[in-house]
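Visitor: Just passing along the structure, written as structure tokens.
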Amino acid sequence: ATPWAGMIPVGTMDTVNVNDKCPYDQAKAKELLKEAGYTDDKPLKFEIITDTEKAVFNVIATVIKDQMARLGVDVNIKLVDKVTWMNTALKDGQWDMYVEDLLSLLTADSNAYLSVTTSSWNGSRHTDTAVDELYARYAREMDSTKRAAIAKELQDYMVDKLYWNAVSGSPFYQVAQSWVKGYTFNSEFEVHYDTVWLEKK
């Protein structure tokens, strides 16, 4: 596995490494919990809601639960069907955290539908229009060097404000026969056959 805290993963165009902004520090985490009034006798408790679309969602939620337990945090996992998850997460239902694989592997701005202020998929429910403007600037810029600089600004901003929290990506596999030529793997989000040809035997 590759440690990654950014909103777009390694290999995506214009991605930047923001891991240094999210150091793993158990002592600091415990200190912050204590500062917020949580103790061994009065632990922080929250629920992770995830769905049954993919088995890995429950695995990821279980890993988070285990990590939180090391800090003295009590986590409950609620596993529901996909429709129930969507109705809860997207229609302002009661939830504390959710696990889903909405992480884009295309470009920084293909994630806009998940995080602009006007989107029903805006999971953090933020109202920060600076995010909208960063997406708009990135989408308008034609110069690749300038676009990369805006992408870095966007990714730094999102991790600084914690509007986007990437915990894990889901594994995704595709298989093709040896005689299928020209196929390019593009992890789940899109499947392209426009350059594929079949080798004659």
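The values are calculated or read from the model by the stated rules, or taken from the named source; none is laboratory data. Fair warning: this is a prediction, and the values are worked out from it, not measured in the lab. All Cβ positions, even for glycine, are placed from backbone atoms using ideal geometry, and neighbour counts span all protein chains on display. To get the accessible areas, we keep the full protein, side chains included, count just its heavy atoms, and leave off ligands, DNA and RNA. Shrake-Rupley method; radii C 1.70, N 1.55, O 1.52, S 1.80 Å.
Visitor: Find the accessible area per residue for the chain; the probe is 1.4 Å, ligands and nucleic acids are left out, and the unit is Å².
Guide: 63
Visitor: With a/c under 1.5 counting as rounded, go ahead and sort the chain into rounded, prolate or oblate using the C-alpha gyration tensor (a ≥ b ≥ c being the square roots of the eigenvalues; past the cut-off, prolate if a/b is larger than b/c, else oblate).
Guide: On the way: a/c = 1.91, a/b = 1.43, b/c = 1.34.
The shape class here is prolate.
Visitor: Taking the DSSP beta bridges in the chain as the whole, what percent of them are antiparallel, to the nearest 5?
Guide: 15
Visitor: While we're here: If we count every other residue with Cβ under 13 angstrom of Tyr135's Cβ, Lys/Arg +1 and Asp/Glu -1, where does the sum land?
Guide: Local charge sum for Tyr135: -4.
Visitor: 222 nm [θ] for the chain, helices only, -39500 (n - 2.57) per DSSP H run of 4+, per residue, to 500?
Guide: -10500 deg cm²/dmol
Visitor: Between beta-carbons, use under 13 Å as the cut-off and find the net charge around Ile48, counting Lys and Arg +1, Asp and Glu -1. Don't skip to the end; give the middle numbers.
Guide: Details: positive: Lys45, Lys65, Lys78; negative: Glu47, Asp51, Asp66, Asp74, Asp96, Glu100.
Around Ile48, the charge tally is -3.
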